[in-house]
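*Asks:* The structure that follows is given in the form of C-alpha cells.
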Amino acid sequence: MGHPATWQQEQISLAYMSAVATRAGATVASWNVDKDGVDATLKRDHQLVELQMKCTSEPQILADGTTYAFDLDIPTYNKLRGPRRTAPGYLGLVVVPRDIETWLEHDAEALLMRCHGRYAQIQDLPAAAGKTTRIHLPSPQRFDSYGLDVMFDFADQRLFGSNASLGEAI
C-alpha cells in the first residue's frame, strides 16, 4: 500500500480540476505561485472563477454523514473571500483513496480516476479569526460539470446582476 506525499495529492487535485473543466468547456490557467490563494483560474464564455485546490484521503465528515469539512488556513480564506475580487473565489476538495496505487486505473482504452470532488464558495463569506476556519462542503456541491455551471453562473450574476442575458441581446 503506497502512501501519497503532499505533492502527489496536490497534483491529482489539479488533474481532477483540469479534467472536469475540460469536460465543462472551460480553459484552465494555472499559477506557478499561489500567493493570492489561487491555484488556477477557470475561464468559460468570458467568465472567470478562481480555485484553491486541496486533496485528502481522510475526509472529515460531519454528523449528517454527507457533508465534508475542511480546515482552511485564514490567509487563504481571506484571499478567496475578498469583496474586491474580480473573479469569485472557491475551495475545491478532491477526495482520493488512501492507497495511491488505487488512484488511477488504466488499460489500453481508458484511464479511470478513482476520486471525487466538492466545492465551496468562499467569495463574500464573513471574516474569521484564528489560524483556520472550517469550510463545509455539502454533497450537492459536487465538483463536476454542473458544479462548474453553478460557479460560472454566480460569476456572471455577481458582475452583471440578474439581467445577465443583456449581453446576448446586443
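Since every read-out is calculated from the coordinates, none of them should be taken as a lab result. It should be emphasised that the depicted structure is a prediction, and the values quoted were computed from it without experimental measurement. We place every Cβ from the backbone using ideal geometry, glycine too, and count neighbours over all the protein chains shown.
*Asks:* Which length gain, in nm to one decimal place, applies between T67 and D45 when the Cα-Cα distance is subtracted from 0.36 nm times their residue separation?
*Replies:* Here the segment from T67 to D45 would lengthen by 4.8 nm.
*Asks:* With r as the distance between the Cβ atoms of S162 and W7 and R0 = 30 Å, compute the FRET efficiency 1/(1 + (r/R0)^6) and round to 0.05.
*Replies:* Details: r = 43 Å, r/R0 = 1.42.
Result of the calculation: an efficiency of 0.10.
*Asks:* Round to the nearest 0.05 the FRET efficiency obtained for S57 and T86 when R0 = 35 Å and r is the Cβ-Cβ distance. Intermediate results must be reported in sequence, preceding the final value.
*Replies:* On the way: r = 34 Å, r/R0 = 0.97.
Working from the Cβ atoms, E equals 0.55.
*Asks:* Another question, then. DSSP loop (so not H, G, I, E, B), at most 14 other Cβ within 10 Å: list which GluC sites (Glu not before Pro) in segment 23-116 pass both filters. Working shown, then result.
*Replies:* Details: sites: E50, E101, E105, E109; in loops: E109.
Here the sparse-neighbourhood loop sites are E109.
*Asks:* Please report the orientation-averaged projected area of segment 1-94, defined via the convex hull of its C-alpha atoms, in nm². Provide the component values of the computation, followed by the final result.
*Replies:* Details: hull surface 30.7 nm².
Approximately 7.7 nm², given one-decimal rounding.
*Asks:* Separate question: I'd like the Karplus ³J(HN,Hα) series for segment 118-131: coefficients 6.51, -1.76, 1.60, θ = phi - 60°, whole numbers in Hz, and an x wherever there's a Gly or Pro.
*Replies:* Whole-Hz 3J(HN,Hα) from phi for segment 118-131: 9, 9, 9, 7, 9, 3, 6, 6, x, 4, 10, 10, x, 9.
*Asks:* OK, next. Work out the count of Lys pairs in segment 6-161 where the Cα-Cα distance is under 16 Å, with the pair 8 or more places apart or on different chains.
*Replies:* Values: K35/K54; K35/K79; K54/K79; K79/K131.
Lysine pairs, 8 or more places apart or on different chains, close enough: 4.
*Asks:* Please list, in order along segment 27-38, the HN-Hα scalar couplings obtained from phi with the Karplus expression 6.51 cos²θ - 1.76 cosθ + 1.60 (θ = phi - 60°), rounded to whole Hz, x for Gly and Pro.
*Replies:* 9, 10, 10, 9, 10, 6, 9, 9, 4, 9, x, 10
*Asks:* Let me ask something else about it. To the nearest Å, what is the center-to-center distance of segment 96-133 and segment 21-95, using C-alpha atoms only?
*Replies:* Using only Cα atoms, the two centres lie 10 Å from each other.
*Asks:* Sticking with this one: May I ask you to work out the translational diffusion coefficient for the chain at 4 °C, viscosity 1.567 mPa s, via Stokes-Einstein with Rh from the Kirkwood sum over Cα pairs, reported in whole µm²/s? Can you show the working numbers first?
*Replies:* Values: Rh = 16.8 Å.
Using the Kirkwood radius from Cα pairs, D works out to 77 µm²/s.
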